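The structure appears below as structure tokens.
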Amino acid sequence: MSFSETISPLLGRWALSWFFGNAAMDIVYHWSGIVAQLGAKHLPLPPLLLVVALLMIVMGVVSLAFGYHTRYGAVILFGLTIAAAFALHDFWHFANAASREVEFDIFTRDVAICGGLLVMIGLGGGPFAIDNRSMGGGKGRR
């Protein structure tokens, strides 16, 4: 296995963890503003949705950062990201071209992040993941 095949999954997991970790911190620091934005999108029970989203993000970040149940963590973050993209960044409903472009950019970013998460789901966390630690001197799980 080449150096890039060994280190790339680790760096990819850390990059995704960093991105979602920043999103979690943004939720914590701007709680009331985000609750108001969710309410403006007519989503039910915005504070409860935000608590659930925050818990999902934290579980996904820990999972990807350490490579522990990587695929499950990636599935959680994928589901949350794709749902948020369609619910919160519905660019097709904007008449104003500038607003539509901003929402489209965020939507496409979210879809690209989902692509990275799908790679994690398909390939796992790589050799430096807890998922792939040696089991009793034999080969690690893949």
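The values are calculated or read from the model by the stated rules, or taken from the named source; none is laboratory data. In this text the structure is predicted, and so the values were computed from the model without any measurement. So basically every Cβ, Gly included, is an ideal-geometry build from the backbone, and we count neighbours across all protein chains shown.
What the table below lists for this structure:
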read-out: Test result for L118, within 20 Å of L54 (Cβ to Cβ) and not acidic (D, E); value: no
read-out: Any pair with Cβ under 9 angstrom, 6 or more apart, that starts in segment 9-38 at a residue that is under 17 Å from I121 (Cβ atoms) and ends at one that is outside any helix (DSSP H, G or I) and aromatic (F, W, Y); value: P9/F128; L10/F128; R13/F128
read-out: Helices (runs of 4 or more DSSP H) contained in segment 33-142 and holding at least 1 residues of a type in the set (S, T, N, Q), at pLDDT 90 or above and surrounded by fewer than 17 Cβ atoms within 10 Å (Cβ to Cβ); value: 97-123
read-out: Leading residue by the ranking (nearest to P127 (Cα to Cα)) among those in segment 47-95 that are touching an Asp or Glu at 6+ places or on another chain (Cβ under 6 Å) and hydroxyl-bearing (S, T, Y); value: T70
